[in-house]
Amino acid sequence: MSDRCAFSAKHEQYAATKLEIQRQREDNKIMLMSLDSISDPKDREYFEMRKNEIRQRRARESQQQQSPMTFGYDNFANMNSFQGDTQATFNSGSFGKDYGGSGGTGTSDGHGRAL
């Protein structure tokens, strides 16, 4: 019975992903559409409204992706508090040396070469 539930859940996830991709394609077509090429004022108004809706939805989705719940700089900066360590230990210099950086001196070009 659990195999059937797992299959059903994967099928639902696949269907939802497929619908999302279809919506994104339709949205992209509308966003690329030139309103100047539409002669009927009602059609032009409709597509202008749709473009505004798409912009608003994309702005909301962008804000949701940047919410504090996502892993960002704030979470990274506070990583040592979860480890029971201090920020000074993290900036001790071995991190940069171990991973091709300058060891915290700020004089690396990002490829481990000193400037």
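Coordinate-derived values only; no laboratory data. As the structure is a prediction and not an experimental result, all values here were calculated from the model. Heads up, the Cβs are rebuilt from the backbone with ideal geometry, glycines too, and the neighbour counts pull from every protein chain shown.
Where Lys and Arg each count +1 and Asp and Glu each count -1, what net charge lies around Tyr46 among other residues with Cβ under 11 Å from its Cβ? Around Tyr46, the surrounding residues sum to -1.
Put a dot 7 Å past the Cα of Ser34, heading toward its Cβ, do the same for Gln66, and the two dots end up 3.2 nm apart.
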